[in-house]
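Heads up, the thing below is written out as structure tokens.
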Amino acid sequence: MTRMVKCVLLGTEAEGLERQPYPGELGKRILENVSKEAWQRWLRQQTMLINEYRLTPVDPKARKFLEEEMEKFFFSGGSTAPQGFVPPKS
């Protein structure tokens, strides 16, 4: 049976994640309040941030930055693109 959540990003009821995607309290909040579609949007945002800022995800500073951006993306009005970022044309 599909688990539904009131998605904080989409503002609608949507299919929820099957398991906690991130450790700790932030991961619990995401599981309870973020849909699969919204999580996929975050993964695209995270990839863009890693590429544009040339982050190494195993670096503790990079992980902290990405966690802060994830918190903003879902719960504080959104993560922003790096200055001068131009999205690729489809």
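The values are calculated or read from the model by the stated rules, or taken from the named source; none is laboratory data. Values in this document were obtained by computation on a predicted structure and should not be read as measured data. Using ideal geometry, Cβ is built from the backbone for each residue, glycine included, and neighbour counts are taken over all protein chains shown.
Among all residue pairs at least 6 apart or on different chains, which show Cβ distances below 6 Å where the first residue, located in segment 57-85, is on the phi < 0 side of the Ramachandran plot and the second is among the hydroxyl-bearing types (Ser, Thr, Tyr)?
ALA62/THR56; GLU69/SER79; LYS72/SER79; PHE73/SER79
Confirm whether SER35 is hydroxyl-bearing (Ser, Thr, Tyr) and modelled with pLDDT of 95 or more.
Values: hydroxyl-bearing (Ser, Thr, Tyr): yes; modelled with pLDDT of 95 or more: yes.
For SER35, the condition - hydroxyl-bearing (Ser, Thr, Tyr) and modelled with pLDDT of 95 or more - is met.
Tell me, which helices (runs of 4 or more DSSP H) lie completely within segment 1-89 with 2 or more residues that are acidic (Asp, Glu) and within 10 Å of the chain's Cα centre (by Cα)?
60-75
Starting from segment 25-53, take each residue that is basic (Lys, Arg) and list its partners that are not in a helix (DSSP H, G or I), counting only C-beta distances under 8 angstrom and pairs at least six apart or across chains.
LYS28/GLN20; LYS36/ALA14; LYS36/GLU15; LYS36/GLY16; LYS36/LEU17; ARG41/LEU9
Of all residues in segment 26-71 being in contact with a Leu (Cβ under 8 Å, 6 or more places away or on another chain) and of a type in the set (Gly, Ala, Ser), which is nearest to THR12 (Cα to Cα)?
Going through the qualifying residues, I end up with SER35.
Those residues that are of a type outside the set (Lys, Arg) and farther than 15 Å from TYR22 by Cα, I need them from segment 61-70; list them, please.
ALA62
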